[in-house]
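Participant: To start, I am sharing the structure in question, which I have written as structure tokens.
The values are calculated or read from the model by the stated rules, or taken from the named source; none is laboratory data. Model, not experiment: these values are computed from the prediction. FYI the Cβ positions are ideal-geometry reconstructions off the backbone, even for glycines, and counts take in every protein chain you see. To get the accessible areas, we keep the full protein, side chains included, count just its heavy atoms, and leave off ligands, DNA and RNA. Shrake-Rupley method; radii C 1.70, N 1.55, O 1.52, S 1.80 Å.
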Amino acid sequence: MLETSFLTAPEHVAIIMDGNGRWAKQRGLPRTMGHRRAVETVRQTVRTAGDLGIKYLTLFAFSSENWRRPEAEVSDLLGLLKAFIRSDLAELHRQNVRIRVIGDRVNLRSDILKLLLEAEETTRANTALTLVIAFNYGSRDEIARAMMSLAKDVEEGRLRAHDITPALIEARLDTAGIPDPDLIIRTSGEERLSNFLLWQAAYSEFVFLPEFWPDFSRELFLSALEKFALRDRRFGGLSAQAAAVNT
Ligand code: IPE
Ligand code: IPE
Ligand code: MG
């Protein structure tokens, strides 16, 4: 196990959990077995994030574009999410984890919506790790919904177009109140955002790992944090000023 004491944990880590299908294929298994194993990796990752004192962990669970997959796979993924919340909500609550869900809730199946709302409601007052589940999430959709809500305020005379600022836009995003991710990790060797947190990633650091999500381990998590710790974040300023700019 890697030494962790020298690491300052980032406040917010977001993960694009990719490669379940390829993990399964490599073993001659159906894709669904990759998704099943992925759930165990999620459990372990949430525990590690909590242990390390990370305050926010965002997990990309299902994108607004993932509906394009075959119906059987979509239904399998929805089933796994439901099963995960049913089986793990009590334990997450016990761990003092607060759950937030981002993504479009309109037109979601009512059984899923009910479970997501229950998870948020049950854990609302918890104060350890905030686990942000990105479900039916797409950044362009999120931004379009935020713009719609601002436009409505302008239309109805509550807001002047001139007064729109980045802070006002942020407050209408699904992530309102959640700090921007410091570190975004993507597994499976793909090096793209796939419509994840486009606005919020303005100054995020990226770590792309070749391993598939079911193989993501505590050690790989720690090695990504080590890479992050070596990065010089400048936020457009100069090195010595970076910390000041960040506050
Ligand atoms: C990530 O694994 C899970 C979701 C996108 C829901 P994939 O299912 O995308 O696996 P690959 O990328 O096809 O290997
Ligand atoms: C991104 O992975 C979405 C999730 C991890 C939930 P995808 O597998 O859907 O991304 P693309 O299609 O390879 O870009
Ligand atoms: Mg994929």
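Participant: Please find, among VAL97, VAL42, the residue that is under 17 Å from the mean Cα position of the chain (by Cα), touching a residue at least 40 places away in the same chain (Cβ under 8 Å) and under 24 Å from PHE212 (Cα atoms). Outline the logic, then answer.
Facilitator: Numbers: VAL97 fails: under 24 Å from PHE212 (Cα atoms).
On inspection, the qualifying residue turns out to be VAL42.
Participant: Could you tell me which of the residues ALA224, ALA229, ALA176 is open to solvent by less than 60 Å² (accessible area, probe 1.4 Å), free of Cβ contacts under 8 Å to residues at least 12 places away in the same chain and not polar (S, T, N, Q)?
Facilitator: Working: ALA224 fails: free of Cβ contacts under 8 Å to residues at least 12 places away in the same chain; ALA229 fails: free of Cβ contacts under 8 Å to residues at least 12 places away in the same chain.
Being open to solvent by less than 60 Å² (accessible area, probe 1.4 Å), free of Cβ contacts under 8 Å to residues at least 12 places away in the same chain and not polar (S, T, N, Q) holds for just one of ALA224, ALA229, ALA176, which is ALA176.
Participant: Pull up segment 11-26, narrow it to residues that are within 24 Å of ALA201 (Cβ to Cβ) and more than 12 Å from ligand 2 (Cβ to nearest atom), then point me to the one that is nearest to the chain's Cα centre (by Cα).
Facilitator: The extreme case among them is VAL13.
Participant: Still on this structure, please answer the following. Of all residues in segment 88-122, which are small (Gly, Ala, Ser) and either open to solvent by less than 70 Å² (accessible area, probe 1.4 Å) or touching a strand residue (DSSP E or B) at 6+ places or on another chain (Cβ under 6 Å) (or both)? Let's see the steps before the verdict.
Facilitator: Applying the first criterion (small (Gly, Ala, Ser)) to segment 88-122 yields 90, 103, 110, 119.
Within segment 88-122, GLY103, ALA119 meet the criteria.
Participant: If you don't mind, another one. Report yes if LEU29 is closer than 20 Å to ARG186 by Cβ and more than 16 Å from ligand 2 (Cβ to nearest atom), otherwise no. Break it down into steps so the answer makes sense when it comes.
Facilitator: Details: closer than 20 Å to ARG186 by Cβ: no; more than 16 Å from ligand 2 (Cβ to nearest atom): yes.
It is false that LEU29 is closer than 20 Å to ARG186 by Cβ and more than 16 Å from ligand 2 (Cβ to nearest atom).
Participant: Looking at segment 204-213, is at least one residue in contact with a Pro (Cβ under 8 Å, 6 or more places away or on another chain), within 22 Å of ASP141 (Cα to Cα) and at pLDDT 95 or above?
Facilitator: The answer is yes, given that some residue of segment 204-213 is in contact with a Pro (Cβ under 8 Å, 6 or more places away or on another chain), within 22 Å of ASP141 (Cα to Cα) and at pLDDT 95 or above.
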